[in-house]
Amino acid sequence: MTRMWPPGGGTRRPLAPRLAAPREPVDPARIGRRVVRRRAKGMDAGAVAAALEDARFDARQNSRLEDLADDVRGRAELAEWERLDQLLAAAPTGTVYDPDADDVVQAELAADAAAAAAREAELREAARIAARADELQALRELGTLEQTEPRTGDEAVRDELTRRAGGYVQADVDGWLAHALAAHLGHYRDPAAREEAAGLLTPPVLAHAALLAELARLVPGANVDELAFVARLTTTEPEAAGALAAFLTRARP
């Protein structure tokens, strides 16, 4: 099978930089709300009302200063004092503010935890893809990629190898995946994985797989070298190759 190596030949790429730990995005408004909640903890309605008046005075003063006219944190603090003032005004007499009993605070904390978990999951997936790309690159250099069965997620690894090659199509990887899809190898034994691949692989790869499957049905036992022309056809005319595969499907008994 013809291979298209990344520019510079088959040399191994430098190790990817170490992934940094996920960090919470800086949000001045969120910082302002948290400051208010820490200050307000244990305050009753009267104390919160007094703090609100102070915040309104500060806001009026800051509005006259050009460098503070667009103070995102200050506006958020004022809005939070107003919310807490309304919250305690509607609560029974003598109630003091407790962030742990504030539904708005608890909802924000839950959203923050979910966002942090999502960022960590993204980093783990990126690390998995990078490690698998390194593995497939090593198999290419050993000339044993064709004997390797694909795994779940290798469609994303294909994209990573293409990215590393500066966007150049990796013909050997595309051919490997097309053959595996056509022959139902690796995770493509699962019909759901084959169906999902339709949305993950490019039209040329899908057309390549479809045409390989139909030709293998018509000529059982045909080897990979005999079908090398399929890769060239699907690379230059993927729509025509797909149409040919569909036409051959009609010839089934």
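The values are calculated or read from the model by the stated rules, or taken from the named source; none is laboratory data. Predicted model only: the values in this text are computed from it and were never measured. Cβ atoms come from the backbone with ideal geometry, glycine included; neighbour counts cover every protein chain shown. In case anyone asks, the SASA skips ligands and DNA or RNA and just uses the protein heavy atoms, side chains included. Shrake-Rupley method; radii C 1.70, N 1.55, O 1.52, S 1.80 Å.
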The percentage of the accessible area of the range 108-148 (probe 1.4 Å, all protein chains present) made up of carbon and sulfur atoms, to the nearest whole number, is 66
Rounded to whole angstrom, the alpha-carbon centroid of the range 32-82 lies from that of the range 145-170 at a distance of 53
For the pair residue 114 and residue 89, the simple spin-label estimate (label points 7 Å beyond Cα toward Cβ) gives in nm 3.1
Under the Karplus relation with 6.51, -1.76 and 1.60 and θ = phi - 60°, whole-Hz ³J(HN,Hα) for the range 137-154, x at Gly and Pro, equal 4, 5, 5, 4, 5, 7, x, 10, 4, 4, 8, 9, 8, x, 10, 4, x, 5
For residue 201, the residues 5 or more places away or on another chain with a placed amide H closer than 5 Å to its own amide H are none
Each label sits 7 Å from Cα toward the beta-carbon; between residue 44 and residue 147 the label points are separated, in nm, by 8.2
